[in-house]
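First comes the structure, then the notes that go with it.
The values are calculated or read from the model by the stated rules, or taken from the named source; none is laboratory data. Predicted, not measured: the structure shown is a model, and the values here were computed from it. For neighbour counting, all protein chains shown are included, and Cβ atoms are generated from backbone atoms with ideal geometry for every residue, glycine included. Ligands, DNA and RNA are excluded from the accessible area calculation, which covers all protein heavy atoms including side chains. Shrake-Rupley method; radii C 1.70, N 1.55, O 1.52, S 1.80 Å.
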Amino acid sequence: MSPIRSASIAVLASAVLATTLTGCEIGGEPQDTSPIVIAADLELSGASAPIGKVYQRALELKVEQLNSSGALGGRKIELKVKDNRSDAAESLRNINDFSSDSRVTAIIMGGCNECAVGAVRTIGEKRIPTVALASSGEVTEPVAERRYVFKLAPNAADSAAALTTELTRRNIRKVAVLHSADKYGQEGLAALNSEFAKAGVKLARAESVRTTDTEVSTQIDSLVDKKPEALIVWTPPEQASLAATTARQRRYSGALFFDASAAGDLFLGAAARSTERATLIFTQTMVIDDVIATTPAKAARRQWFQEYTARWGGYNGYSSFAADAVQLIADAELRAGSEPGEVDRSALRDVLETAQLDGLSGPIRMTPDNHSGLMPQALTTLVARGGRWRLAG
């Protein structure tokens, strides 16, 4: 066994030690060996396939780690994956199929905002706990109508606040924004406008781009013409890279800022020259190899980074959200106190609603009033240097 794997198992076992008693023999009672069946609805083909495959790799690795750690007592996690083809209608069919399987404990949905929002009614009617990796606030709000839906992804308001703080620190007062035309992009523009009003930052112009677009020159020309001091790009990684390259080709020399939705691979590849010195708001897991492991949580993040990188030859920042979703569900299942072999989805939902985890993504706190668990403190400022992301400063 490799040193990395050994360390990973040690960290995982200690992280969930408090939960393992559920699976032990107490007072002669037989050990529960029933599987914890987690279903995953992911974008494995279609426009969003790159991020869907990142999530699949992360889920499989996390399940393997937990099953090997002994932290689940006599139980093992079984992962059932279906491709939604980046289509909301197909995603809804998958949710219906998973809900009808009495063995399925909970569902993890991928990063498709439209898929998650489109499924909330069915999830509520079927009463199946679901953790979505999509970013839109509409996935979990209003909570009263989404009692069985939870979210693990950066929130627009938190990202906008962090971006504006950095703009203010650098005395940047005039900006332009390129945002995605989807729900999260629209939320982002609204959140930025709110933060700009408080900070005295002028929005010179905003343009939108579809997440499937492969050409953004018209929008970039319009934004650069306003001569902003900073260009904020609030889009998925593919459009963000394209926007950065196009802006530099137009001889734009101002600052580049990326929202968390633009995060992707650690190394910037073909876009390295265009993104040099760009600023990204994201979680520390993207650059955890730069961080001294002074706490068990940081040690766990570092081990995750190393093992994911060793397995797949690179690192994608969004992998940590999928891994944290598995951990949340596993912890909740062990704490729910169900009878051996019984799947009690309502009890699992109740535990998830008050879940607390120092996760791979950062601090996660769920409450009855807030089902979007990633805390604002999880976000930090990164900068592109030498073709990869680094901690700012």
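From (1) in contact (Cβ under 8 Å) with a residue 24 or more places away in the chain; (2) within 23 Å of residue 374 (Cα to Cα), pick out the condition that doesn't hold for residue 142.
(1)
Condition check ((1) without any contact (Cβ under 8 Å) to a residue 60 or more places away in the chain; (2) β-branched (Val, Ile, Thr)) across all residues:
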| position | (1), (2) |
| --- | --- |
| 256 | yes, no |
| 260 | no, no |
| 268 | no, no |
| 271 | yes, no |
| 280 | no, no |
| 283 | no, yes |
| 288 | yes, yes |
| 298 | yes, no |
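Select from the range 343-378 the residues that are closer than 23 Å to residue 298 by Cβ and part of a loop (DSSP other than H, G, I, E, B) and write down the one among them that is most open to solvent (accessible area, probe 1.4 Å).
375
Given 170, 205, which one is touching a Leu at 6+ places or on another chain (Cβ under 8 Å), of a type in the set (Lys, Arg) and in contact (Cβ under 8 Å) with a residue 24 or more places away in the chain?
Exactly one of 170, 205 is touching a Leu at 6+ places or on another chain (Cβ under 8 Å), of a type in the set (Lys, Arg) and in contact (Cβ under 8 Å) with a residue 24 or more places away in the chain, namely 205.
Got a sec? Which helices (runs of 4 or more DSSP H) wholly within the range 44-134 have at least 2 residues that are within 17 Å of residue 182 (Cα to Cα) and modelled with pLDDT of 95 or more?
Numbers: elements: 49-69, 88-100, 113-126.
Answer list for the range 44-134: 88-100, 113-126.
Out of everything in the range 77-122 that is over 25 Å from residue 261 (Cα atoms) and β-branched (Val, Ile, Thr), what residue ends up being surrounded by the fewest Cβ atoms within 10 Å (Cβ to Cβ)?
Looking at the filtered set, the residue picked out is 122.
Filter the range 44-63 for residues that are under 11 Å from residue 81 (Cβ atoms) and open to solvent by less than 10 Å² (accessible area, probe 1.4 Å) and give the result.
Matches in the range 44-63: 52, 55, 59.
Report whether or not residue 162 is in contact (Cβ under 8 Å) with a residue 60 or more places away in the chain and within 30 Å of residue 328 (Cβ to Cβ).
yes
Considering 142, 154, which residue is in contact with a Ser or Thr (Cβ under 8 Å, 6 or more places away or on another chain) and within 30 Å of residue 323 (Cα to Cα)?
154 is the lone residue from the list that is in contact with a Ser or Thr (Cβ under 8 Å, 6 or more places away or on another chain) and within 30 Å of residue 323 (Cα to Cα).
Do we have residue 381 as part of a strand (DSSP E or B) and either more than 30 Å from residue 163 (Cα to Cα) or hydroxyl-bearing (Ser, Thr, Tyr) (or both) here?
Yes, satisfied.
Which of the residues belonging to the range 283-304 are of a type outside the set (A, V, I, L, M) and over 13 Å from residue 388 (Cβ atoms)?
283, 284, 285, 294, 295, 296, 298, 301, 302, 303, 304
If you go through the range 173-205 one residue at a time, how many are touching a strand residue (DSSP E or B) at 6+ places or on another chain (Cβ under 7 Å) and crowded, with 19+ Cβ neighbours inside 10 Å? Explain how you work it out, then say what you get.
Step one: of the range 173-205, the residues touching a strand residue (DSSP E or B) at 6+ places or on another chain (Cβ under 7 Å) are 173-181, 185, 188-189, 192-193, 196, 201-205.
Among the residues that remain, those that are also crowded, with 19+ Cβ neighbours inside 10 Å are: 175-180, 185, 188-189, 192, 196, 201.
Matching residues across the range 173-205 total 12.
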